[in-house]
Structure formats: structure tokens, C-alpha cells
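The values are calculated or read from the model by the stated rules, or taken from the named source; none is laboratory data. Being a predicted model, the structure only gives us computed values, none of them experimental. Counting neighbours? That spans all protein chains shown, and the Cβs are built from the backbone with ideal geometry, glycine included.
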Amino acid sequence: MAILLTGGAGYIGSHTCVELLNAGQEIVVLDNLSNSKIEALKRVSEITGKGLAFYHGDLLDKETVEKVFIQNPIEAVIHFAGFKAVGESVENPLAYYQNNISGSLVLFEIMKSFGVKNLVFSSSATVYGIPETVPITEDFPIGAINPYGRTKQMIEEILKDIFISDPEWSITLLRYFNPAGAHLSGKIGEDPKGIPNNLMPYIQQVAIGKLDELKVFGNDYPTPDGTGIRDYIHVMDLANGHVKALEKTIHRPSLNIYNLGTGTGYSVLELKNAFESATGQIIPYSITEKRPGDAAACFADPSKAQRELEWQALRGIEEMCRDSWNWQINNPEGYKETKLTAEVY
Ligand code: NAD
Ligand code: UFG
């Protein structure tokens, strides 16, 4: 049996490929490479010494998705594929509803028709909107405040309805907090297109000299140093969370929601300082306007995942900074463009 990873060539998907292959799983990746490069999967094979099947295709293309299910004995799906940039979703909401929602509907329809009912879905802490208090537990009210977040919230609702209609489905909704870091080897990592939106890749590009300085979005939040607080989680811990979630999803049919975070928040300036001490690089910065829609503080209570999945984040902020930097200096231009030459890597 095999596990299908939609969007498996992306940042979180590629690291999860490594953890699944290391756990002895057969894997199949479907990705249209709209925000990733095939090189990532070649490096997954280098790291693990194991092969994987790759389909270069779009989730919206029903025939391609069906072909994946016809040609492989899929036991479960981890559904990463989607667009993820908040600002872009505000500018072009239709693209986000089309890709994230319609793509998910095609996938779920085909899973149903092939009788594949095990699913792990990449949701996000963004569904909590601006939380009234922290830490955030899974039963906090949800209320995303931008189109990207609403696609996540809507897909969660669709999946809850699917489960109500047929309790043989086994569905795990993983609400990630802020992924950071890279594989220890420095061979795979986050490779954003253009100027990064997120803090850690932005800091990395300042460190390597591609960007002049970090712009800190506001320093008058009600937090100890006035800058925004987030729950940064090492991408390898997140990847391991998928292995644990998958085990539970396959063996105990139900619908469950888990926060994947560390439970500890760091401010923008704390992260900047941690990066400087972990890497020896100085990050020049200035304080600018707040970014609209940003919460003052957002961090998880991850105790449900700890209890029910026997999972917890093991790596701290120093490792996230060190591993992000290691990836960045080994790959200053990100992944190089390589040709698609095969369907097996
Ligand atoms: P990513 O962009 O690196 O990976 C997503 C992958 O999906 C890419 O490889 C892209 O090419 C592919 N893709 C997009 N649309 C597709 C389509 N229609 N058909 C086939 N492939 C398609 O993003 P990531 O950071 O690895 O995030 C993975 C998932 O986790 C996403 O669903 C994202 O919304 C969610 N998430 C990410 C974060 C984060 O900060 N990185 C936080 C919370 C949730
Ligand atoms: N920040 C800056 N300067 C920057 C970038 C970010 O000061 O150049 C600050 C933000 O104001 C915030 C913190 O750094 O306080 C983190 O910002 P990110 O953009 O890295 O992360 P967010 O928490 O805003 O959002 C990210 C993803 C969302 C996801 C959310 C929770 O972009 O899609 O994490 O998982 F939903």
C-alpha cells in the first residue's frame, strides 16, 4: 500500500516525504510544481536512499488524479496542495477558492469513488483568526480573516460533513502554527518565490545579503517587547507529526483536529536575536507599520496532540535558526531548476 502526498514537492511536503520514507512507507507525490521544483524530490531520494513515484499534475485535472489512484494502491492521502500566501489571496480570492477548494473537491470525490477514506489535511492556525487569548486549544472559536484562511476553514467544514455522511472516513485536520527550519543535511528547505512574506525566510535573505534589512511590523503590540509573538515549529517536527497522525488516521477511524505547535511563543525581535546568536550573522532592522490583520500573539496549546498522537516538538528555536541558515548558505539561490526527467525519483 502507498501514501499519496498532494503538494508533496513543497516545503512541508518534501520534509514529510523524508520522514515517511524513513518510516518505511511507500509514497506517491502529485504536484503541479506551481510553487516548488522537482529538485526537492530528487534530494529527498538522496537523503533517504529511497525512491518515490512522482506525478506532475494538477489536482484540478480529474483524469490525472484518477490515474494516480488507478496505478497505485493508495491507502491514505496527505493533502498539502494549495496556495498559501495571505496577501495574494486578498488580491486574487478567486484563484484561492478555485485552487484550494475546487482542487480539494476533486480529490475527495476521487477518494470516495476509489473507496480511499483515510485523509490527513494541512490546515492552519490561521483558522483561529485573531485569538482572544493564548495558548490556543482546538476548541477555540474559528473565524479566519482573509480568503486564504477561509479556504482552510471551508475545507475543514467540507471534511466534517463528509465524515458525518459516512463515518467510515478517517480524517485528521492538522492546524500548523509557524513552520521554520530545514532538514539537518541542508539539502532541502523553504524556497520562496520572490521576496518572502514570512519572517524566517525574510531574515535568511537579509543574512545572505539579498535584502538590506528586516522590517519589523509594529512594536506597540501588547507583548513584552511590543513585537508580534508566534509559535515557530521546526519543519522536521511538523513532518514527524504527519507520520504520527497518519498512524492514527489509518488505524482508528474518526475525525480529529490537532494543533501542531511547540506551545512556546517568540517575538519578532526574539527570533531575530536567536538567529543572530545561532548563526553569528547580524540582522539589521527597522520598525515599520503594523501589517493589517496580524495578531499580537498566536501560540498553541499542543497538549491534545501530545496525549492522543504521542507527538511533541523536540527541536527548539536555535535549531530552527541554525538549520534554516545551513539550508540558505548551501543553496543561496534555492533549488536550481532541473528538468523533469522521470516519474520515479
Ligand atoms: P508549498 O507551497 O511549499 O507547498 C504546496 C505544494 O502544493 C507546492 O509544491 C505546489 O506546487 C503544490 N500545489 C499547489 N496547488 C496545486 C494543485 N492545484 N495541484 C497540484 N499541486 C499543487 O507550501 P507549504 O508551506 O509546504 O504548505 C503546505 C500546506 O500547508 C499548504 O496547504 C499550506 O496552506 C499549509 N500551511 C502552510 C503553512 C506555512 O506557513 N508554510 C502554515 C499553515 C498551513
Ligand atoms: N513579520 C515582520 N516582518 C516581516 C515578516 C513578518 O515583522 O517581514 C512579523 C509579523 O508581523 C508576525 C511575525 O513576524 O508578527 C510572523 O509573521 P509570518 O508572516 O512569518 O507568519 P504569520 O503568523 O503572519 O502567518 C504564517 C503563515 C500563515 C499561517 C500562519 C499560522 O503566513 O499562512 O503562519 O500557521 F496561517
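A few points about this structure:
- Residue pairs meeting the criteria (Cβ under 6 Å; at least 6 apart or on separate chains; first more than 14 Å from Thr6 (Cα to Cα), in segment 34-45; second in a helix (DSSP H, G or I) and away from ligand 2 (no atom under 16 Å from the Cβ)): Ala40/Ser14; Val44/Ser14; Val44/Cys17; Val44/Val18
- Among residues of segment 297-345, those that are in contact with a Gly (Cβ under 6 Å, 6 or more places away or on another chain) and loosely packed, with under 13 Cβ neighbours inside 10 Å, counted: 2
- Test: Glu75 is surrounded by fewer than 18 Cβ atoms within 10 Å (Cβ to Cβ) and within 15 Å of ligand 1 (Cβ to nearest atom): no
- Residues of segment 260-296 that turn out to be part of a strand (DSSP E or B) and surrounded by 21 or more Cβ atoms within 10 Å (Cβ to Cβ), as a count: 3
- Residue check, Phe217 farther than 24 Å from Cys17 by Cα, aromatic (Phe, Trp, Tyr) and within 13 Å of ligand 2 (Cβ to nearest atom): yes
- When every residue of segment 24-33 is checked against the conditions, at least one turns out to be more than 16 Å from ligand 2 (Cβ to nearest atom), buried (at least 18 other Cβ atoms within 10 Å of the Cβ), farther than 23 Å from Glu247 by Cβ and of a type in the set (Asp, Glu).
- Residue list for segment 176-208, filter: within 7 Å of ligand 2 (Cβ to nearest atom), assigned to a loop (DSSP other than H, G, I, E, B) and under 18 Å from His242 (Cβ atoms): Phe177
- Screening segment 226-259 for residues that are buried (at least 20 other Cβ atoms within 10 Å of the Cβ) and of a type in the set (Ser, Thr, Tyr) and picking the one that is nearest to the chain's Cα centre (by Cα) gives Tyr232.
Every residue, every condition in (1) of a type outside the set (A, V, I, L, M, F, W, C); (2) touching a residue at least 40 places away in the same chain (Cβ under 8 Å); (3) touching a Gly at 6+ places or on another chain (Cβ under 8 Å); (4) assigned to a strand (DSSP E or B), yes or no:
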{"position": "Thr133", "(1), (2), (3), (4)": "yes, no, no, no"}
{"position": "Ile142", "(1), (2), (3), (4)": "no, no, yes, no"}
{"position": "Glu168", "(1), (2), (3), (4)": "yes, yes, no, no"}
{"position": "Ile171", "(1), (2), (3), (4)": "no, yes, no, yes"}
{"position": "Leu174", "(1), (2), (3), (4)": "no, yes, yes, yes"}
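- In this entry, Gly82 passes the filter for residues that are closer than 17 Å to Leu119 by Cβ and within 16 Å of ligand 2 (Cβ to nearest atom).
- All positions within segment 282-319 that are polar (S, T, N, Q) and more than 16 Å from ligand 2 (Cβ to nearest atom): Ser303, Gln306, Gln312
- Residue check, Asp139 of a type outside the set (A, V, I, L, M, F, W, C) and surrounded by fewer than 15 Cβ atoms within 10 Å (Cβ to Cβ): yes
- Scanning segment 299-345 for residues that are modelled with pLDDT under 95, touching a strand residue (DSSP E or B) at 6+ places or on another chain (Cβ under 7 Å) and of a type in the set (Ser, Thr, Tyr) yields one hit, Tyr345.
Residue by residue, here is whether (1) more than 29 Å from Lys304 (Cα to Cα); (2) within 16 Å of ligand 1 (Cβ to nearest atom); (3) touching a strand residue (DSSP E or B) at 6+ places or on another chain (Cβ under 6 Å) holds:
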site: Glu156; (1), (2), (3): no, yes, yes
site: Ile164; (1), (2), (3): no, no, no
site: Val206; (1), (2), (3): yes, no, yes
site: Val216; (1), (2), (3): yes, no, yes
site: Gly226; (1), (2), (3): yes, no, no
site: Val235; (1), (2), (3): no, yes, yes
site: Ile250; (1), (2), (3): no, no, yes
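- Residue that is farthest from the chain's Cα centre (by Cα) [pool: residues in segment 118-141 that are under 25 Å from Phe108 (Cβ atoms) and among the charged types (D, E, K, R)]: Asp139
- Note on segment 89-108: residues that are free of Cβ contacts under 8 Å to residues at least 40 places away in the same chain and more than 21 Å from Ala9 (Cα to Cα) total 3.
- So Leu184, is it surrounded by fewer than 21 Cβ atoms within 10 Å (Cβ to Cβ), more than 30 Å from Thr137 (Cβ to Cβ) and more than 11 Å from ligand 1 (Cβ to nearest atom): yes
- Qualifying residue in segment 130-141 (condition: among the hydroxyl-bearing types (Ser, Thr, Tyr), within 16 Å of ligand 1 (Cβ to nearest atom) and farther than 26 Å from Thr64 by Cα): no
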